[in-house]
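The structure appears right after this line, and notes come after that.
The values are calculated or read from the model by the stated rules, or taken from the named source; none is laboratory data. Being a predicted model, the structure only gives us computed values, none of them experimental. Glycine also receives a Cβ, built like all others from the backbone with ideal geometry; neighbour counts cover every protein chain displayed. Accessible surface areas use protein heavy atoms only, side chains included; no ligands, DNA or RNA. Shrake-Rupley method; radii C 1.70, N 1.55, O 1.52, S 1.80 Å.
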Amino acid sequence: MAKPAVVIVGADKGGVGKTTVARTLLDYFGAHHIPTRAFDTETPRGTLTRFHPDHTDIVDVNSVSDQMKIFDTLGSTPAQVTVIDIRAGLLSSTLQALSDIGFLESAKKGQITFAVFHILGPSIASLQEIAETARFVGDASYFLVKNHINDTSFFDWDPATYNSYFNQIKNAQEITIPKLNEMATEQVEVASVPYVQFVANKSGKGEAANYSFVLRGYVRHWLGQVWAEYDKVKLVDLLSPKAESNVRQVAG
């Protein structure tokens, strides 16, 4: 059996587009035929589960029973990758909990593949988050994500300041999520379907839909750019070395 992989998507600040990134990851892994499950920690309502209901459970990441639901099943689930969308403000405390239960030690020993997608905001507080999380991530694959989905401008301060934080984490890599056209973003939200289904003009039930050709084109182009960022950091090779590499590019 392939080594299980866990991907945490989080930030210690809200409104930075965490769930957007989680949604693109689920689409990306699906396109590569990598069995994936997800946990939405925005209990009780959840956002990720609205777009990927068949693959997502809502959990309270602070609950021991829900922690067991996630981590005790890593060796038995058919899913090779587990994506956890961490509620805003809980990234540091979640990493602390993973340290307490021995998960980070297991990752260090190579028993589990662990990756952190840290979604950054535009303020200096976001850089301070890096310093806070650096003491936990160790040898995990650590991605600093600049998400422009909300038309955010990043890091107007001295680049040396940013680099001083960035360099605290060994092998950290940057990922940039470009801005998606506002109308396209709104239409996908209204449709409540994965990005790939919107592009394919399919409803949540897989039936033919009637989405705008133009807006589907914007989403296809944008998703292709996002997936190119994941290809750049060799995400498939990292999390699923034997996954099919010859993927038909749904995102164009």
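The residues of region 187-224 that are more than 18 Å from Ile177 (Cβ to Cβ), of a type in the set (Lys, Arg) and modelled with pLDDT of 95 or more, listed by number, are Lys202, Arg216. I need the full set of residues from region 41-51 which are of a type outside the set (Lys, Arg) and at pLDDT below 95, in order please. Result: Thr41, Glu42, Thr43, Pro44, Gly46, Thr47, Leu48, Thr49.
Just so you know, in region 11-23 the residues that are touching a helix residue (DSSP H, G or I) at 6+ places or on another chain (Cβ under 8 Å) and modelled with pLDDT of 90 or more include one that is surrounded by the most Cβ atoms within 10 Å (Cβ to Cβ), and it is Ala22.
Can you tell me how many residues within region 217-233 are open to solvent by 10 Å² or more (accessible area, probe 1.4 Å) and not hydroxyl-bearing (Ser, Thr, Tyr)? Adding up the residues that qualify gives 10. Within region 31-45, none of the residues are part of a helix (DSSP H, G or I) and either among the hydroxyl-bearing types (Ser, Thr, Tyr) or surrounded by 21 or more Cβ atoms within 10 Å (Cβ to Cβ) (or both).
Please work out if Ser93 is at pLDDT 85 or above, within 17 Å of Val9 (Cβ to Cβ) and open to solvent by less than 60 Å² (accessible area, probe 1.4 Å). Judged against the criteria, Ser93 is a match. Here's a check for you: in region 161-198, which residue that is open to solvent by 50 Å² or more (accessible area, probe 1.4 Å) and of a type in the set (Ser, Thr, Tyr) is nearest to Leu25 (Cα to Cα)? The selected residue is Thr176. For region 139-158, residues that are open to solvent by 50 Å² or more (accessible area, probe 1.4 Å) and either touching a Lys or Arg at 6+ places or on another chain (Cβ under 7 Å) or modelled with pLDDT of 70 or more (or both) total 3.
Being in a loop (DSSP other than H, G, I, E, B), in contact (Cβ under 8 Å) with a residue 24 or more places away in the chain, open to solvent by 30 Å² or more (accessible area, probe 1.4 Å) and among the hydrophobic types (A, V, I, L, M, F, W, C) is the requirement here; does Ala2 meet it? I'd like the intermediate steps shown before the answer.
On the way: in a loop (DSSP other than H, G, I, E, B): yes; in contact (Cβ under 8 Å) with a residue 24 or more places away in the chain: yes; open to solvent by 30 Å² or more (accessible area, probe 1.4 Å): yes; among the hydrophobic types (A, V, I, L, M, F, W, C): yes.
Criteria met by Ala2.
Within region 199-216, restricting attention to residues that are part of a helix (DSSP H, G or I) and of a type outside the set (D, E, K, R), which residue is surrounded by the most Cβ atoms within 10 Å (Cβ to Cβ)?
Taking region 199-216 first, the residues part of a helix (DSSP H, G or I) are 199, 213-216.
So of that shortlist, the ones also of a type outside the set (D, E, K, R) come out as 199, 213-215.
Numbers: Val199: 25, Phe213: 8, Val214: 10, Leu215: 20.
Only one residue tops the list, namely Val199.
I'm checking my understanding of the structure. Among residues of region 46-90 that are assigned to a strand (DSSP E or B) and of a type in the set (A, V, I, L, M, F, W, C), which one is surrounded by the fewest Cβ atoms within 10 Å (Cβ to Cβ)? Full working, then the answer.
Taking region 46-90 as the starting set, the residues that turn out to be assigned to a strand (DSSP E or B) are 56-58, 81-85.
When the remaining residues are screened for being of a type in the set (A, V, I, L, M, F, W, C), the result is 58, 81, 83-84.
Values: Ile58: 17, Val81: 25, Val83: 27, Ile84: 22.
So the residue we want is Ile58.
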